[in-house]
Amino acid sequence: MTVTVGVLAETAPGETRVAVTPEVASKLKALGAAVLMQSGAGSLAHFPDSQYADAQFAPADAVLAGADVLLKVQPPALEEIAALREGAVAIGFMQAYARGDVVRALRDRRITSFAMELIPRISRAQSMDALSSQAAVAGYKSVLIAANALEKFLPMLTTAAGTIRPATVLVIGAGVAGLQAIATARRLGAVVEAYDVRAATKDQIKSLGAKFVDTGVSAEGAGGYARDLTEEEKAKQQAILDARIAASDIVITTASVPGRAAPRIVGEAAVARMRPGSVIVDIAAEQGGNCALTRAGQTVAHGGVKIIGPVNLPATLPFHASEMYSRNLFNLLKPAFANAELRIDWADDVFAGAVLTHDGQIKHEATRKLVEGN
């Protein structure tokens, strides 16, 4: 029996991405799936219906009624979950830590759901790692935002009026977003420094032409993320970082752990030491921000310093962000297709690690404890 993959137009405010691009729709058809899309689903990402040669189009309610697998970017709305048939599969960024109502609805409707933010960070799953693909978009765009807000040149310029010194950029956090920010700032000609509590990132930072800020604090954590620092470690780190923050024209902060509040790294006192006209772009704004003055979705002025808290940066570059995310989804689904049927191998570390709900149960233990309280 042919598996029907459903795709809706995203309805979350400001969301412009689409879960399936024309390229991936064709790949799904080649696996034996039928792709059923809501008309206009890809239009905000600049993929008009006319480009989807291998998809059929229907109203949203028909897509939900017919979908064996629903592919999303943002978590499904409660009414979308209610319209899915019991036993269907839903995949997307589920934001389980903040959307207990969605998790309970998926459980009660007996939907098998996979959260893209739970994809294990193992070598075999790199092509499925949507957190990383979308973080790369955010890191790139953060530098463009900073460059636009900074009222200086980024590169060194030699002119008849004299030499203009390059801007200095400090990137805090050297995960995927931070490394992309470093590379982008270097391409634009800035002098770049970077810091991460994970000492293992030093070589990666240096390989991109940036200087590593060594505070003497290392906090290697599980799963490729940083652990929480002790109060003593925080104080030691802060003293050195504050001096580098004060000397920077641009500070880009990227430190976050999925499902938890972002660590506070840039305090109000540090901002007060920055030169007027300096810029902070805090891409952890949606998790509370790395800067004490960050307000998600706003630009705050403090002593002549601009603190910018952008939200959903991948949605500001929807064409390529959708291409990357759609390929992540396809690479996750492909191993489950056999003879045009969907057969999930629960012994597979990727599926076992990314499952959120299945067969009327919350399978992800941390989410289960959060939602059910036991």
Identify all lysines with a Cα-Cα distance to K27 below 16 Å; exclude those on the same chain that are fewer than 8 residues away in sequence. K334
Amide H contacts of E193 (H built 1.01 Å from N, under 5 Å, at least 5 apart or other chain): V169, L170, V171, K211
Which of L293, L144, L313 moves the most in a Gaussian network model of the chain with Cα springs under 10 Å? L144
Fully extended contour minus Cα-Cα distance, from N374 to A352, at 0.36 nm per residue: 5.8 nm
If R0 = 22 Å, then T11 and H46, at their Cβ-Cβ distance, give a FRET efficiency to the nearest 0.05 of 0.75
Beta bridges by DSSP in the chain, antiparallel share as percent, to the nearest 5: 30
Under a point-charge model restricted to the Cβ atoms of Lys and Arg (+1) and Asp and Glu (-1), what is the dipole moment magnitude of the chain relative to its Cα centre, in debye to the nearest 20? 860
With helices defined as uninterrupted DSSP H runs, which ones in the chain have an alpha carbon span along their own long axis of at least 15 Å and mean Kyte-Doolittle hydropathy of at least -0.5? 130-149, 176-187, 318-333
Which length gain, in nm to one decimal place, applies between A239 and M1 when the Cα-Cα distance is subtracted from 0.36 nm times their residue separation? 79.4 nm
Counting only the backbone N, which residues of the range 66-90 are under 12 Å from the spot 7 Å out from the Cα of I344 toward its beta-carbon? 69-70, 87-90
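When ranked by the protection proxy of mean other Cβ atoms within 10 Å per residue, highest first, what sequence do the peptides 362-372, 182-192 form?
Values: 362-372: 16.7, 182-192: 21.7.
Final packing ranking: 182-192, 362-372.
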Test of understanding: express the Cα radius of gyration of the range 135-311 as a ratio to 2.2 N^0.38 Å, with N the residue count. 0.96
Taking only the Cα positions of the range 1-145, the convex hull volume per residue in Å³ is 131
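Given only helices, namely DSSP H runs of n ≥ 4 each adding -39500 (n - 2.57), what is the per-residue ellipticity at 222 nm of the chain, to the nearest 500 deg cm²/dmol?
Roughly -9500 deg cm²/dmol at 222 nm, from the helical runs in the chain.
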Given R₀ = 56 Å, what would the calculated FRET efficiency be for F319 paired with E232, taking r from the Cβ atoms and rounding to 0.05? 0.75
Local electrostatic count at N148 - Lys and Arg +1, Asp and Glu -1, tallied over other residues with Cβ under 14 Å: +1
Kirkwood Rh over alpha-carbon pairs of the chain, then Stokes-Einstein at 25 °C and 0.890 mPa s: what D in µm² s⁻¹, rounded to an integer? 112
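All of the numbers you see were taken from the coordinates with simple rules; none came from a lab. Computed from a prediction, not measured in an experiment: that's the story for all the values here. Positions of Cβ are generated from backbone atoms using ideal geometry, with glycine treated the same way; all protein chains shown enter the neighbour counts.
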